[in-house]
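Peer 1: Shown below is the structure under consideration.
We did not get these values from a lab; they are worked out from the coordinates using the rules stated. As the structure is a computational prediction, the values presented were derived from the model and not from experiment. Quick reminder, even Gly has a Cβ in these numbers, built from the backbone with ideal geometry, and neighbours come from all protein chains shown.
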Amino acid sequence: MALFSSAVPRSNATNMAYSETDILKTWQLNAKPWIDTLKNGDIPSRALATNKAIVEACLRLKPQRALDIGCGEGWLCRALGEAGVDMTGLDGVSGLIADAQRKGGAKYLTCSYEDLLHGLPDELSPPFDLAVCNFALFGKDLTIALAQVVHGLLTEQGHWVIQTLHPDYPMAAKPGSWATEDWSAMKQPFQSGYAWYRWTKPGWQELLQHAGFKEIKWSEVQVDEASPPLALLIEARKQA
């Protein structure tokens, strides 16, 4: 899963009741429109900045084996695989994984974040030099728990690279609160919105340090120097 839409979520959902399993259910409902959205290039920010940013961030680390967690329909696995990286992609949405498998370029497994917390799939063979999550971390408690799992999947000098919405990106929900995605700015017929947690930079720092990552680097993703940042790139190293 990898969302960066042009929509600005309309409600600050800090006090709303939520279930992190509803996030996965919503993506399961919307696998086809998401695939069509990427196929048609309907999210300009991806072509303008964020796709290139995550590919370059990963390749700078020169990984031999990498794991894309929340890989969606597999575009990033294919991009890194074409550069010589042995890629495995995981996603909890079977429709997205089926599409990724048809397109090839990597090994793809249907596996949700909740599944990872209960044990690794037999087909998964850690350790990896790199784990990557590209706009794929939507929950709060689940992301905290997942961070410790990711730490254990890496080699001693392995890295976790995360691309996420920049804390300064203007929207109704402030960093450190729950926001909603209602898909209203998307061209495809998406169904059913969901709540997602918007992290602050100190929140990411605390999360990663608590999971055992020792060296954390930050960089901003923007179209040009005159434009506000679109995304935050986080590079966390297992051992300093």
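Peer 1: Amide H of residue 89 versus every other amide H placed in the peptide plane: which residues, excluding those fewer than 5 positions away on the same chain, fall under 5 Å?
Peer 2: So residue 89 has HN proximity to 68, 107, 108, 109.
Peer 1: Using +1 on the beta carbon of Lys and Arg, -1 on that of Asp and Glu, and nothing else charged, what's the dipole of the range 20-237 about the Cα centre, debye to 20?
Peer 2: That gives the range 20-237 a dipole magnitude of about 260 debye.
Peer 1: Let me ask you something else. Between rounded, prolate and oblate, where does the range 72-129 land on the alpha carbon gyration tensor, with a ≥ b ≥ c its root eigenvalues, rounded for a/c under 1.5, else prolate if a/b exceeds b/c? Don't skip to the end; give the middle numbers.
Peer 2: Details: a/c = 2.37, a/b = 1.27, b/c = 1.87.
Because a/c hits 1.5 or more and a/b fails to exceed b/c, the range 72-129 counts as oblate.
Peer 1: Given the Cα-Cα distance of residue 184 and residue 19 and 0.36 nm per residue of separation, how much length would full extension add, in nm?
Peer 2: Full-extension gain reported as 57.3 nm.
Peer 1: Which far-off residues, 5 or more places away or on another chain, put their amide H under 5 Å from the one on residue 155, with H placed in the peptide plane?
Peer 2: 128, 129
Peer 1: Using a Gaussian network for the chain with springs between C-alpha atoms less than 10 Å apart, which of these wobbles most: 227, 219, 94?
Peer 2: Maximum fluctuation in the GNM of the chain, among the listed residues, is at 227.
Peer 1: When a/c is below 1.5 the answer is rounded, else prolate if a/b is larger than b/c, else oblate, so apply that to the chain with a ≥ b ≥ c taken from the square roots of the Cα gyration tensor eigenvalues.
Peer 2: rounded
Peer 1: Among 154, 61, 208, determine the one that fluctuates most according to a GNM of the chain built with springs between C-alpha atoms less than 10 Å apart.
Peer 2: Of 154, 61, 208, the Gaussian network model singles out 61 as fluctuating most.
Peer 1: Ranking request for peptides 67-74, 30-37: highest mean number of other beta-carbon atoms within 10 Å first, then the rest in descending order. Walk me through the numbers before you get to the answer.
Peer 2: Details: 67-74: 27.5, 30-37: 19.2.
Taking the mean over residues of other Cβ atoms within 10 Å, the ranking is 67-74, 30-37.
Peer 1: Quick one: of 62/201; 32/107; 62/217; 107/201; 217/238, which pairs are farther than 23 Å apart, Cα to Cα?
Peer 2: In this structure, 62/201; 107/201 exceed 23 Å between Cα atoms.
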